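Step one of this worksheet: look at the structure below.
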């Protein structure tokens with residue numbers, strides 16, 4: 001991937017997260033502390049501000065840099081979670097990115113360890129795990145199918161009762177609401193796929 | 001071995017500072033103590049960089065016990081521990097205990113010279129099973 005293309009990709013993802021601040025906040029107000037949109041905006045603004053420098057690095061270092069900035073700027077639990085995801089992905093990804101599925105599995109595993117959580121517990125993992133599985137299964141049309149998989153997986157968190165994070169304090173009252181972390185994960189996946197060919 | 005240090009990490013700077021005041025009243029200056037609260041923009045939240053600084057401020061060769069309030073305080077504290085120098089990382093633990101009661105009882109235990117694992121265990125006995 002050229003630095004120009006990587007920079008466009010970073011900026012596009014950051015802009016999408018920033019543009020969806022309100023949506024993420026509304027979801028988090030329903031079952032959390034209402035700061036997910038603001039925190040994600042702050043994190044991705046920091047990433048966006050350094051997109052050019054990040055894009056000049058090898059992909060592994062760029063991913064590590066993105067993760068570190070998110071860790072340092074987000075301020076909520078999603079900072080270490082998304083930060084760990086990008087850092088672990090950067091650590092595992094080969095220079096030619098040919099082991100993407102394997103590297104994503106490492107990243108999902110790192111998020112599980114960081115959050116002491118499993119898929120199925122109404123978190124971002126409910127999106128990341130099926131996305132990783134779909135990448136591992138392969139196929140020609142991944143950039144078309146992954147956004148559908150990601151969004152469906154995020155929406156499928158609604159009927160689940162939260163057992164991790166602040167939403168777990170609500171018990172059964174968390175049922176019926178889409179998890180904000182799952183939605184932001186789906187947003188990132190969807191945006192990456194949408195920008196992939198351009 | 002010097003007394004174990006105590007770090008208090010809350011989403012709210014007022015809670016973190018207030019809990020630290022209560023610890024200070026209990027143990028005076030016999031225990032290294034620092035607190036961190038609020039995100040980098042001054043709102044409710046926690047900051048990895050600020051937690052790391054608090055650990056450095058309360059550093060003791062006997063180790064540091066961290067008391068946290070909710071989820072992000074815990075994950076950000078764990079992240080801050082990983083950013084420490086390799087020689088220090090293994091001597092910092094996040095206690096699974098209520099933040100105010102845990103901090104006071106952990107500090108009381110630390111002031112008696114107990115090692116890190118005992119300080120943490122005494123605080124964690126406050127948590128519901």
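The values are calculated or read from the model by the stated rules, or taken from the named source; none is laboratory data. This structure is a prediction, so every number in the text was calculated from the model and none was measured. Cβ: placed from backbone, ideal geometry, glycine included. Neighbour counts: every protein chain shown.
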Within segment B:67-75, can one find any residue that is touching a residue at least 60 places away in the same chain (Cβ under 8 Å), under 24 Å from residue A:167 (Cβ atoms) and away from chain A (no Cβ under 14 Å)?
yes
Do you know which residues across segment B:76-98 are within 19 Å of residue B:53 (Cα to Cα), more than 14 Å from chain A (Cβ to nearest Cβ) and either part of a helix (DSSP H, G or I) or under 11 Å from the mean Cα position of the chain (by Cα) (or both)?
B:86, B:87, B:88, B:89, B:92, B:93, B:95
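Based on what the data block shows, is residue B:49 within 11 Å of chain A (Cβ to nearest Cβ) and assigned to a helix (DSSP H, G or I)? Quick ask: steps written out before the conclusion?
Values: within 11 Å of chain A (Cβ to nearest Cβ): yes; assigned to a helix (DSSP H, G or I): yes.
So residue B:49 passes the test.
Could you name every one of the helices (runs of 4 or more DSSP H) located completely within segment A:6-74 that has at least 1 residues being within 27 Å of residue B:69 (Cα to Cα), touching a helix residue (DSSP H, G or I) at 6+ places or on another chain (Cβ under 8 Å) and within 13 Å of chain B (Cβ to nearest Cβ)? Working first, answer last.
Values: elements: A:21-31, A:36-49, A:51-55, A:59-73.
Of the helices (runs of 4 or more DSSP H) lying wholly inside segment A:6-74, those with at least 1 residues that are within 27 Å of residue B:69 (Cα to Cα), touching a helix residue (DSSP H, G or I) at 6+ places or on another chain (Cβ under 8 Å) and within 13 Å of chain B (Cβ to nearest Cβ) span A:21-31, A:36-49, A:59-73.
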Would you check if there is a residue in segment A:3-15 being at pLDDT 95 or above, crowded, with 23+ Cβ neighbours inside 10 Å and within 23 Å of residue A:116 (Cα to Cα)?
no
Condition test on residue B:30, is it over 27 Å from residue A:164 (Cβ atoms), modelled with pLDDT of 95 or more, in a loop (DSSP other than H, G, I, E, B) and in contact with a strand residue (DSSP E or B) (Cβ under 6 Å, 6 or more places away or on another chain)?
no
Condition check for residue A:98: surrounded by fewer than 20 Cβ atoms within 10 Å (Cβ to Cβ), part of a loop (DSSP other than H, G, I, E, B), more than 17 Å from the chain's Cα centre (by Cα) and without any contact (Cβ under 8 Å) to a residue 24 or more places away in the chain:
yes
